[in-house]
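Taking it in order: structure first as structure tokens, then the write-up.
The values are calculated or read from the model by the stated rules, or taken from the named source; none is laboratory data. The structure displayed is predicted, hence computed values, not measured ones. For neighbour counting, all protein chains shown are included, and Cβ atoms are generated from backbone atoms with ideal geometry for every residue, glycine included.
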Amino acid sequence: MESSRIADCCSPQLNQPCQVACPIHQNARGYLAAIAQGEFEQALRIIMEANPLPSICGTICAHPCEDKCRRGKVDKPLSIRALKRFAVEQGRGAIELARPKARREQKVAIVGSGPAGLVAAHDLALMGYHVTIFEKAETPGGALGLYIPLYRLPRDTIRQDIKNIEALGVEIKTGKELGKDFTIDQLQQQGYKSVLLSLGLPVSRSLPIPGIDHKDVLLALPFLSAVNNGKIRLDPTKVVLVIGSGNVAMDVARSAVRCGAGKVRVVCLEAKDEMPAFPWEIEEALEEGVEMQCCSLGPKQVIVNGNQIAGLNCKKVVSVFDAQKCFNPSYDETVLSDIEGNMIILSIGQAGDTSCLNGSGVKLNQRGQLVYDSNSLATSREGVFACGELISGPGTAVQAMYSGRRAALSIAKFLSGEEFKLEPFEPLPDLASGVIEKVKRLERNSVPILPVEKRINNVQHVEIGYSLEVARKEARRCLNCGVGARRLEEKCIDCLTCVRVCPYEVPVVTPEGAVDIRFDQCQACGICVGECPARAIAFNMPEVEDVLLQVESAMKGVKVAGGGPVICFVCSYGAASWRKLPGFLKGIPPQVGLVSVPCVAKLSVSHFIKPFELGAQAVVVAACEAADCPHEKGILFAQKRVDSAKQLLSQAGLDGRLEWVSFPSGDFSRFHQALSQRQQ
Amino acid sequence: MIKAEQKPMDQIRKMIADYPKVLIVGCGTCVTICFAGGEREVADLASLLRLKDRQQGGQKQFLETTVKRVCEREFIDQLVPKQAEVDAILSLSCAIGVQYLAERFPKLPVLPGLNTSFLGLIEERWQWNEVCVACGDCILHLTGGICPIARCAKGLFNGPCGGSVGGKCEISPEIPCAWQKIYDRMASLGQLHKLEEIQPVRNWVSNQAAGPRRTVKEALKISGK
Amino acid sequence: MKAGTKLEKVLTSGQFAVTAEAGPPKGTSGQMVQKKGEQLKSCCDGINVTDNQTAIVRMSSLAGCVLLKQAGVEPIMQMVCRDRNRIAIQSDVLGAVALGIGNILCLSGDHQKFGNHPTAKNVFDLDSIQLIQALKTMRDEHKFLCGEAISGDVPLFIGAAENPFADPFEFRVIRLSKKVKAGADFIQTQAIYDVDKFARWMDMVRDRGLDNQVHILAGVIPVRAVGMARYMKENVPGVYVPDQIIKRMEGTKSGKEEGLKIAVELIQQIREIKGVHGIHIMAVGWEDAVPQIVERAGLLPRPAV
């Protein structure tokens, strides 16, 4: 299969909403289609076209793509992130990684090996530059390795992605801290023509309230880092109060549970439905016994009893955001309450640490933040750029990745004068309600996770991941936005057949009396392509190849004793996706040539007749059962076309040579049976 | 529109029996819309003819092409270079196209691959009904827009015959009685009284039976082109 | 008198008329026609000779009528629109009159699909109403349809058929009125088995005063066997046989006797209906039933006019 472009869509201006929402513009549709058709390696190839950290993203990405998935308005969005993980696991080791282009001389230094720094390093190395990453910690990965709990992101996962980046020739020097072990001046002297600062936000914020200095008051990031190093043991007497309700607070709370705390309570300014953490994090935390009753409360002071913390005295929160929607909590100090607890962990946000830049010539503003150009990401010092959370403030890993990518482009321009242009990505408009109501409802297959009792006392990866069957089924729910039918104006005679056959009423008659196949609404079932009498509809899905070419090559590749090959059309989503399963190919008789098509609805009468002209002795159409197909009407149309072809073949004396078989997804024993019966 | 249907393959094969190289021409308008002679049908027929011919050890060659409208001189121009290469043209157009081609290529046998059936309307995507016989003297204003000549099996002008039962024509339960339809339509128009008038004997001069018809629009005629 | 035929005389004198049908042979035997005529002579006022009925080719109605006339029987010629254009029709009318035929019944004609030559092309240059009009024009204006004069008189008693049971039911009376307006002098209806429905139709006829403008003869087909009843129900266009009749025929051991009984009962009921001026018995292939029916119905002897 040809490799897909970053953007494959009917219109050069519009893209799938998932791709637009993704900061690095992953071709989600492309890899979902590949997974659905059993082409797992191809899926990983597509992922890695844009994503140098596929294992990491497949495990912990915040998936803004899913929030914009158009399927969300039909039933539930696609489980894109978990499918990405599946593709990585299936395809890993089987695909060739990209190689750098011609080598360049210039050296680039990147400070920080978090997601932003890693992607910048990857991109620059691919462009041919010599890249060295300087990482303060003992292991690379930045916040990913330091702070994200092991039960969410196993270390092995991080290592796999970093290994691939090192394979490009990127050197990672750990245990090297800017300002302590080296300076920017020194880097320059060593010949680094450009320096990229991706320092992240390593500082946990604290609260200036009485009692905050108690030894049992911990800060989120150091706590998490220590947990990840196995250094925290809590006992059942511990009642831990976690201040904050963001994702980091959830990490802290759930880690505290796993470390053995007796009770873990979240205390936050926000009301229950205002908590900024991801809903699934909140849900899993609640399942693990984390209490979240203490909402709309602001810490006033730590209650100390002797040398033990007894609890937290809180004031009532009236509102968190002000009229301008800015974070500006207001309180009612007359309503006070005490929350019991003997340990407090503050998880109220992170800040940067730019002290290492003192004397480096890199300008900071009054608040100690970096001064930089928002277009080029350049700092005030020539050749020194910045990216990631250091300049954007708290964000997701994938947002940091995009920042690193942009920085790499800027650095390349700085070093070689190479201009770059950031293409705007505009999303397809929403699906019309008339189309939505006609889409077959398919339940979202949630990713299996460990049951609570199996996960609360260990740091095992909570998410089990998809099985082969379920992954394909989930990926098949993708609507294939924007890659469907395209009217060929020069051939169209406005016969209105497409208007009449589309199950989703996508083609419409314009007020001017012409036909418009609304590509942004098309569900890519392919029915109209096979029905159009003038062959005036093309199909944009890159996975749909010239069927006749496939037939020809299938016939060439088949060994025949006598009588001619048997051509078997199979649905790529159905029978063909089982290609990877052991035993599938063995059960196929030698004279059968398989031609796989994404849904038999895309086959026309001519496809059933041409193989005979080319010398086939029989043709079998192996379709999914209507119940398994998201486009049930497609199966009906395909059957009618087979009937039609049978009538024509009968006129030519070829009765009984064309056969239709259908069977439920997953049952390829019946498929083998049908083919071997054909032999007789 | 003009409705046509493909002839049985046996008949077609007999027609082309003596010609080693045949050009199959499809038409991109009426017969494409009624799925009889468009690009698809040309391809499928060509496949089957090649197949059948090979089965019998023949070596016939079939070329395929489809033009936008066979009944337009300029569109047929595309076929001029091909005429020297082939021994016959099998036209999957309506009979108008067949005759046009025959006149254009007088040295080449032009064979009809379709039976031109009628002037009809599309009732469903898969069904066409004859509604007009091109009689040349339209009386639809008298019958509520339903033609008794085309749609009544006996072409009656003054109401149904005695065989109309349950709204169906005596010749088939699948054929609605045109006069029942006319009656119902005129009733809904409030014009039933018009059906009490006797329609006198018809002047059939405008019909095909009076000889092949011809229309000339003098206003368009400019000699020289 | 328009034509002075026996039928016309019986009807215009206000007496209840009786006509019957004789189907000509699928061959050349004139004798067969005359024999039928003999059988029916004394119990009818006129005998229809069908015109390629159900589109099955038989000896022509004109020839059959001449043969009947030679046997001293009054014929009623039938002309369908299916097989002849206006030229042939007008020509045959001239010939019929010249040969002494005075009664002509005008019909559309069953579609050729039902006959033994379904691949033939039909004509329908005229429909039945235009045919009636044509005959009236020939008789009363001495003109052909083209307007040219006809030499000699064209004395005709013009008849037409009507089917009270066909659809649309509401339109049937309007169609009858059109035939009357066109010039029909007498009407023979299609077979009646549902007397109530026929009575309702007659109500509508009388409402329009049509019973005063045209003579209506009610059609009766005696059923000989249950198979025949079923066949008619399924295959003969325009004939409506109710299940009751079929049940009666199923339940009897003697089909013929039951059939005769039914026919007589129908006639008796029909005679009660105001505006009906006669009956038309179509005992095709069972001509010897007719004298029995006419006798049992109390319609013998026929009036001498």
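Do the conditions hold for residue A:642, that is, is it away from chain B (no Cβ under 14 Å), touching a residue at least 24 places away in the same chain (Cβ under 8 Å) and of a type in the set (A, V, I, L, M, F, W, C)?
no
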Worksheet item: Between a first residue in segment A:491-520 that is within 11 Å of chain B (Cβ to nearest Cβ) and under 22 Å from residue B:1 (Cα atoms) and a second residue that is of a type in the set (Gly, Ala, Ser) and surrounded by fewer than 19 Cβ atoms within 10 Å (Cβ to Cβ), which pairs have beta carbons less than 7 Å apart while being 6 or more apart in sequence or on different chains?
Response: A:494/A:514
Worksheet item: When residue C:194 is evaluated against the numbered criteria (1) surrounded by 23 or more Cβ atoms within 10 Å (Cβ to Cβ); (2) modelled with pLDDT under 95, which criterion, by number, is the only one it fails?
Response: (1)
Worksheet, complete the sentence: Of all helices (runs of 4 or more DSSP H) fully inside segment B:29-144, the set with 3 or more residues that are away from every other protein chain (no Cβ under 13 Å) is B:73-76, B:95-104
Item to complete: Would you point out which residue out of C:35, C:2, C:6, C:26 is within 17 Å of the chain's Cα centre (by Cα) and not hydrophobic (A, V, I, L, M, F, W, C)?
Response: C:6
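What number of residues in segment C:116-141 are more than 13 Å from chain B (Cβ to nearest Cβ) and surrounded by fewer than 14 Cβ atoms within 10 Å (Cβ to Cβ)?
Number satisfying all stated conditions: 5.
In this structure, is residue B:163 at pLDDT below 95, within 14 Å of chain C (Cβ to nearest Cβ) and outside any helix (DSSP H, G or I)?
Values: at pLDDT below 95: yes; within 14 Å of chain C (Cβ to nearest Cβ): yes; outside any helix (DSSP H, G or I): yes.
Answer is yes for this residue.
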Worksheet, complete the sentence: Conditions (1) without any contact (Cβ under 8 Å) to a residue 40 or more places away in the chain; (2) crowded, with 17+ Cβ neighbours inside 10 Å -> residue B:59 fails only (2)
Worksheet item: What's the number of the condition residue C:61 fails, among (1) under 23 Å from residue C:37 (Cα atoms); (2) modelled with pLDDT of 95 or more; (3) within 14 Å of chain B (Cβ to nearest Cβ)?
Response: (3)
Worksheet entry | Residues (at pLDDT 95 or above and farther than 23 Å from residue B:35 by Cα) located in segment B:62-87 | B:86, B:87
Worksheet item: With respect to the numbered conditions (1) over 30 Å from residue C:187 (Cβ atoms); (2) out of contact with any Lys or Arg (no Cβ under 6 Å at 6 or more places or on another chain); (3) in contact (Cβ under 8 Å) with a residue 12 or more places away in the chain, which one is the sole condition not fulfilled by residue B:153?
Response: (1)
Worksheet item: In segment B:207-219, is there at least one residue being over 23 Å from residue C:189 (Cβ atoms), touching a Lys or Arg at 6+ places or on another chain (Cβ under 7 Å) and either at the interface with chain C (Cβ under 10 Å from one of its Cβ atoms) or modelled with pLDDT of 95 or more (or both)?
Response: no
Practice prompt. Spot the failing condition for residue C:100; the list is (1) within 14 Å of chain B (Cβ to nearest Cβ); (2) touching a residue at least 12 places away in the same chain (Cβ under 8 Å); (3) under 24 Å from residue C:63 (Cα atoms), and only one is missed.
Written response: (1)
Worksheet item: Assuming residue C:72 fulfils every condition listed in (1) out of contact with any Gly (no Cβ under 9 Å at 6 or more places or on another chain); (2) not in a helix (DSSP H, G or I) apart from one, which condition is it?
Response: (1)
Practice prompt. Kindly list, by first and then second residue, each pair from a residue in segment C:293-304 that is over 17 Å from residue C:47 (Cβ atoms) to a residue that is buried (at least 21 other Cβ atoms within 10 Å of the Cβ), limited to pairs with Cβ atoms under 6 Å and residues at least 6 apart or on different chains.
Written response: C:297/C:267
Discussion item. Just checking, does segment C:147-164 include any residue being in contact with a helix residue (DSSP H, G or I) (Cβ under 8 Å, 6 or more places away or on another chain), facing another protein chain (nearest Cβ under 10 Å) and acidic (Asp, Glu)?
Written reply: yes
Discussion item. Condition first: more than 11 Å from chain B (Cβ to nearest Cβ), over 16 Å from the mean Cα position of the chain (by Cα) and not β-branched (Val, Ile, Thr). Can you find one or more residues in segment C:171-192 that meet it?
Written reply: no
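If I ask for residues that are hydrophobic (A, V, I, L, M, F, W, C), surrounded by 22 or more Cβ atoms within 10 Å (Cβ to Cβ) and more than 10 Å from residue B:92 (Cβ to Cβ), which ones from segment B:17-32 would you list?
Those that are hydrophobic (A, V, I, L, M, F, W, C), surrounded by 22 or more Cβ atoms within 10 Å (Cβ to Cβ) and more than 10 Å from residue B:92 (Cβ to Cβ): B:22, B:23, B:30.
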Practice prompt. List the number of the failed condition for residue B:158; all other conditions in (1) polar (S, T, N, Q); (2) in contact with a Lys or Arg (Cβ under 8 Å, 6 or more places away or on another chain); (3) within 13 Å of chain C (Cβ to nearest Cβ); (4) in contact (Cβ under 8 Å) with a residue 60 or more places away in the chain hold.
Written response: (4)
Worksheet item: Taking segment B:166-196 only, how many residues are more than 8 Å from chain C (Cβ to nearest Cβ) and in a loop (DSSP other than H, G, I, E, B)?
Response: 2
Practice prompt. Could you identify the single residue in A:494, A:516 that is over 27 Å from residue A:468 (Cβ atoms), in a strand (DSSP E or B) and either within 31 Å of the chain's Cα centre (by Cα) or not β-branched (Val, Ile, Thr) (or both)?
Written response: A:516
Worksheet, complete the sentence: Among (1) more than 22 Å from residue C:236 (Cα to Cα); (2) at pLDDT 95 or above, residue C:73 falls short only on (2)
Practice prompt. Residue by residue through segment A:647-673, note down the ones that are touching a strand residue (DSSP E or B) at 6+ places or on another chain (Cβ under 6 Å) and either free of Cβ contacts under 8 Å to residues at least 24 places away in the same chain or at positive phi (or both).
Written response: A:670
Worksheet, complete the sentence: Exactly one of C:285, C:259, C:219, C:278 is crowded, with 19+ Cβ neighbours inside 10 Å, closer than 26 Å to residue C:115 by Cα and either within 20 Å of the chain's Cα centre (by Cα) or small (Gly, Ala, Ser) (or both), and that one is C:219
Worksheet item: Just to be sure, is residue A:113 in the same structural domain as residue A:387 (by TED's automatic domain parsing) and either over 30 Å from residue A:179 (Cα atoms) or not in a helix (DSSP H, G or I) (or both)?
Response: yes
Item to complete: Have a look at A:306, A:311 and point out the one that is touching a residue at least 24 places away in the same chain (Cβ under 8 Å) and among the small types (Gly, Ala, Ser).
Response: A:311
Worksheet entry | Residue that is in contact (Cβ under 8 Å) with a residue 12 or more places away in the chain and surrounded by 24 or more Cβ atoms within 10 Å (Cβ to Cβ), where the choices are A:121, A:137, A:98, A:94 | A:121
